[in-house]
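Quick notes on the structure that follows.
Every number in this text was worked out from the coordinates using simple rules, so none of it is lab data. Everything numeric in this text was worked out from a predicted model, so none of it was measured. Here Cβ is always computed from backbone atoms with ideal geometry, including for glycine, and neighbour counts include all displayed protein chains.
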Amino acid sequence: MVFGFKWGSGAEPPVGRSQALVISGVHAVSGRPMQAPPPEGMEEIWFGMGCFWGAERRMWQRAGVWVTAAGYAGGTTPNPTYREVCDGATGHTEVVRVVFDPATVSLEALLKLFWESHDPTQGMRQGNDVGTQYRSAIYFTSHLQGERVRHSRDGYESALRSAGRGGITTEILGASAFYYAEEYHQQYLQKNPDGYCGLRGTGVECSAAAPE
């Protein structure tokens with residue numbers, strides 16, 4: 001199912017801004033361009049797993065991932081700031097843009113990493129991190145991706161229920177607007193190795209099976 005979010009305080013969403021936040025655009029680990037379209041033959045998908053610092057590191061460490069970037073998606077405010085997102089009125093969640101080579105790493109393998117790296121049953125939180133910006137989310141970039149995401153979701157939800165866990169609350173939608181987060185959020189745990197990482201999985205294994 002798709003978890004319908006409610007903005008934090010009932011306040012009107014911030015107006016935002018017409019210009020994107022300025023960042024270097026260079027990935028601090030790989031040196032690759034973060035803001036370029038996917039190279040030919042590659043795909044992209046956006047994952048929200050709570051705080052994007054640990055989520056981005058988990059993804060850039062996976063072989064076959066070309067580049068990652070931290071950002072905001074799923075809300076209404078254009079080009080929001082971190083403070084605006086944290087206030088809960090923009091509707092955005094913290095996400096990681098993942099560009100990957102499907103010849104090296106399958107979407108199913110990335111979905112397995114996604115599901116097992118956090119708890120997708122918690123609604124508007126991940127552990128002690130509470131708020132709309134911490135909700136679990138997947139924003140897919142093609143119809144076929146969407147089918148494979150939902151197939152993976154259904155399989156993992158069955159595994160969770162068999163393990164006595166609750167249903168999945170992950171928001172699953174087609175990708176619309178991705179807004180890059182401020183420079184200091186990009187590859188944060190590369191720049192701050194002892195920084196906060198709140199990723200906690202459920203301990204329930206996910207099958208990486210693709211739909212037939």
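Tabulated data for the structure shown
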{"quantity": "Label point distance in nm, S207-R62, each placed 7 Å from Cα along Cα→Cβ", "calculated": "1.9"}
{"quantity": "Cβ crowding within 10 Å averaged over residues, with 198-210, 12-24 ranked highest first", "calculated": "198-210, 12-24"}
{"quantity": "Highest average packing first - 27-38, 51-62, Cβ atoms within 10 Å", "calculated": "51-62, 27-38"}
{"quantity": "Fully extended contour minus Cα-Cα distance, from S24 to Q190, at 0.36 nm per residue", "calculated": "58.2 nm"}
{"quantity": "Stokes-Einstein D (µm²/s) once Rh is taken as the Kirkwood radius of the range 9-130 over alpha-carbon pairs, at 25 °C in 0.890 mPa s", "calculated": "159"}
{"quantity": "Relative contact order computed over the chain (Cα-Cα under 8 Å; 6+ residues apart), in percent", "calculated": "30"}
{"quantity": "12 Å reach of a label modelled at Q35, 7 Å along Cα-to-Cβ, counting backbone N of the range 175-207", "calculated": "179-183"}
{"quantity": "Estimated distance in nm for a label pair at D101 and E147, the labels positioned 7 Å out from Cα along Cα-to-Cβ", "calculated": "2.7"}
{"quantity": "Computed helical MRE - 222 nm, the chain, DSSP H runs ≥ 4 contributing -39500 (n - 2.57), nearest 500", "calculated": "-6500 deg cm²/dmol"}
{"quantity": "Kirkwood Rh and Cα Rg combined as Rg over Rh, evaluated for the chain", "calculated": "0.94"}
